[in-house]
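The structure that follows is given in the form of structure tokens.
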Amino acid sequence: MGNKLKFGLLGALGYIAPRHIQAINNIGADLKCVSDLDFNSAQKKEFLPKNIETLDSLEEMIKFHQKDNLDYISICTPNHLHTDQIITCLENDINVICEKPLALSVSDLDRIRKSESVSAAKVFTIMQLRFHESIIQLKQNITSQKSEEKHEVILIYATTRGSEFFSSWRGSENKSGGILFEFGIHYLDILIDIFGQVSNFNVNKLSLNQANVLIEHENAKVLIMINVLSKEKLKEMGQEEVLYRSFTINGDEFEFTGGFQDLHTKSYESILEGKGFTVEDASKSIKQISKIMDEFEKGSTYKPILNNL
Ligand SMILES: NC(=O)c1ccc[n+]([C@@H]2O[C@H](COP(=O)([O-])OP(=O)(O)OC[C@H]3O[C@@H](n4cnc5c(N)ncnc54)[C@H](O)[C@@H]3O)[C@@H](O)[C@H]2O)c1
């Protein structure tokens, strides 16, 4: 029992933290301490009986590490905080498992790389869609085919969020990085993994709740359509909340809305097996999103290459 891996977790009161806590339990590791901005007494009571210390900052967690030697810190805080928090962990030689995106710019990614190169610790990220059964199957199908023609692909992701989503850090482009860093990154990651590097792209629409981008990969032309629908507006219209994910490949559509259980555990297991997603792995989608956003800000306009699809 004495040699269980020891974890700390930042952002413990947020939405995604329970999946990390479950993954830490599932891999048989010990969650020793958690941190968030301000635990109330009820929240403290949730952790303290399990011998998990509740701390108010990363600095306190580093002090905890200096006496109790953490192996990993899991980072589940808002996107804009990731880079500096990762670097603090690396400077203290603590391995990191950080939620996507590791960074919101290529220069921040370079800061992480530089810090990792002089640290005894490593950084891993969560790209759980790569462990989704339908995506694994899709990759096998595509890579086993020899096609002269580029595949024609439509990716649809529609989801619903309440007004609290847009009034939180996620509604600020400086903090979330915008819709592509917040949602699109999962899809850019698997598209690059399956269809190869991007050679060209056109942005039709990019706003806080909508992305419509045509991307040409080595092996495919992909139309990405992401829509974040307003819970309140759907309710006003008497409509159900929407959650839908699908790929249409050369005219055949398959849905992959479900099947997301345990993907964080699979991500943690792969890290322990030495197959975790590294800064290098994360850099492909981060670089691509940064390019798309830069071009969009420069005034890139929609060109009708859609007609060729
Ligand atoms: N992999 C996925 O599918 C997935 C899904 C949702 C969110 N995420 C990512 O997870 C991260 C967290 O998202 P969320 O939806 O849980 O957000 P959230 O706002 O629900 O939770 C973030 C938590 O971090 C806390 N926090 C803020 N600053 C902190 C600090 N300095 N130290 C410690 N805690 C701090 C907040 O109080 C909050 O409790 C984001 O990076 C997001 O992109 C990933």
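The values are calculated or read from the model by the stated rules, or taken from the named source; none is laboratory data. The structure presented is a predicted model; accordingly, all values stated were derived computationally and were not measured. Using ideal geometry, Cβ is built from the backbone for each residue, glycine included, and neighbour counts are taken over all protein chains shown.
Here are some residues: Lys150, Lys175, Lys146. Which one is closer than 20 Å to Ile215 by Cα, basic (Lys, Arg) and surrounded by fewer than 20 Cβ atoms within 10 Å (Cβ to Cβ)? If you could, list the steps in order and put the result at the bottom.
Working: Lys175 fails: closer than 20 Å to Ile215 by Cα; Lys146 fails: closer than 20 Å to Ile215 by Cα.
Going through Lys150, Lys175, Lys146 in turn, the sole match is Lys150.
In the list Asp30, Asp56, which residue meets the criterion of being within 19 Å of Val96 (Cα to Cα), more than 14 Å from the ligand (Cβ to nearest atom) and in contact (Cβ under 8 Å) with a residue 12 or more places away in the chain? Explain how you work it out, then say what you get.
Working: Asp56 fails: more than 14 Å from the ligand (Cβ to nearest atom).
Just one listed residue meets the conditions, Asp30.
Can you tell me how many residues within region 84-93 are within 15 Å of the ligand (Cβ to nearest atom) and surrounded by fewer than 21 Cβ atoms within 10 Å (Cβ to Cβ)?
Within region 84-93, the subset within 15 Å of the ligand (Cβ to nearest atom) is 84-89.
Next cut, surrounded by fewer than 21 Cβ atoms within 10 Å (Cβ to Cβ) only: 84-85, 87-88.
Looking only at that region, the number is 4.
Of all residues in region 187-212, how many are assigned to a strand (DSSP E or B) and either modelled with pLDDT under 95 or surrounded by fewer than 23 Cβ atoms within 10 Å (Cβ to Cβ) (or both)?
Residues that pass the stated criteria total 11.
For Thr77, indicate whether it is in a strand (DSSP E or B), polar (S, T, N, Q) and surrounded by 18 or more Cβ atoms within 10 Å (Cβ to Cβ). Before you say what the answer is, go through the steps one by one.
Numbers: in a strand (DSSP E or B): no; polar (S, T, N, Q): yes; surrounded by 18 or more Cβ atoms within 10 Å (Cβ to Cβ): yes.
For Thr77, the condition - in a strand (DSSP E or B), polar (S, T, N, Q) and surrounded by 18 or more Cβ atoms within 10 Å (Cβ to Cβ) - is not met.
For residues that are outside any helix (DSSP H, G or I) and within 12 Å of the ligand (Cβ to nearest atom), tally how many sit in region 4-27. Don't jump to the end; show me each part of the working.
So in region 4-27, the residues outside any helix (DSSP H, G or I) come out as 4-16, 27.
Within this subset, residues satisfying the condition of being within 12 Å of the ligand (Cβ to nearest atom) are 8-16.
Counting residues in region 4-27 that are outside any helix (DSSP H, G or I) and within 12 Å of the ligand (Cβ to nearest atom) gives 9.
Using the structure shown, decide if Gln66 is more than 16 Å from the ligand (Cβ to nearest atom), out of contact with any helix residue (DSSP H, G or I) (no Cβ under 6 Å at 6 or more places or on another chain), assigned to a helix (DSSP H, G or I) and in the same structural domain as Gly11 (by TED's automatic domain parsing). Walk me through it before giving the result.
Numbers: more than 16 Å from the ligand (Cβ to nearest atom): yes; out of contact with any helix residue (DSSP H, G or I) (no Cβ under 6 Å at 6 or more places or on another chain): yes; assigned to a helix (DSSP H, G or I): yes; in the same structural domain as Gly11 (by TED's automatic domain parsing): yes.
The answer is yes for Gln66.
Also: Every residue in region 176-186 that is in a helix (DSSP H, G or I) and within 10 Å of the ligand (Cβ to nearest atom), please. Can you show your working first?
Taking region 176-186 and keeping what is in a helix (DSSP H, G or I), we get 176, 179-186.
Ser176, Phe181, Glu182, Phe183, Ile185, His186, listed by residue number.
Taking the stated definitions as given, is Ala42 aliphatic (A, V, I, L, M) and either under 19 Å from His80 (Cα atoms) or within 9 Å of the ligand (Cβ to nearest atom) (or both)? Let's see the steps before the verdict.
Working: aliphatic (A, V, I, L, M): yes; either under 19 Å from His80 (Cα atoms) or within 9 Å of the ligand (Cβ to nearest atom) (or both): no.
Here the answer is no, as Ala42 does not meet what is asked.
Scan region 1-28 for residues that are out of contact with any helix residue (DSSP H, G or I) (no Cβ under 8 Å at 6 or more places or on another chain) and crowded, with 18+ Cβ neighbours inside 10 Å and jot them down.
Residues satisfying the conditions are Ala17, Ile21.
Is it true that some residue in region 165-175 is among the polar types (S, T, N, Q), part of a helix (DSSP H, G or I) and out of contact with any His (no Cβ under 6 Å at 6 or more places or on another chain)? Walk me through how you get there before you give the answer.
The initial filter retains those residues of region 165-175 that are among the polar types (S, T, N, Q), namely 167-168, 172, 174.
Now narrow it down to the ones that are part of a helix (DSSP H, G or I): 167, 174.
With the extra rule that they be out of contact with any His (no Cβ under 6 Å at 6 or more places or on another chain), the set shrinks to 167, 174.
Yes, region 165-175 contains a residue that is among the polar types (S, T, N, Q), part of a helix (DSSP H, G or I) and out of contact with any His (no Cβ under 6 Å at 6 or more places or on another chain).
To continue, here is another question. Considering region 135-155 alone, what residues qualify as being assigned to a helix (DSSP H, G or I), farther than 20 Å from Ile16 by Cβ and under 18 Å from the mean Cα position of the chain (by Cα)? Explain how you work it out, then say what you get.
Restricting attention to region 135-155, the residues satisfying the condition of being assigned to a helix (DSSP H, G or I) are 135-144.
Filter again for farther than 20 Å from Ile16 by Cβ, leaving 136-144.
Scanning region 135-155 gives a single hit, Ile136.
Continuing with the same structure: Which of the residues that make up region 248-301 are charged (D, E, K, R), at pLDDT below 95 and either within 16 Å of the ligand (Cβ to nearest atom) or part of a loop (DSSP other than H, G, I, E, B) (or both)?
Within region 248-301, Asp262, Lys298 meet the criteria.
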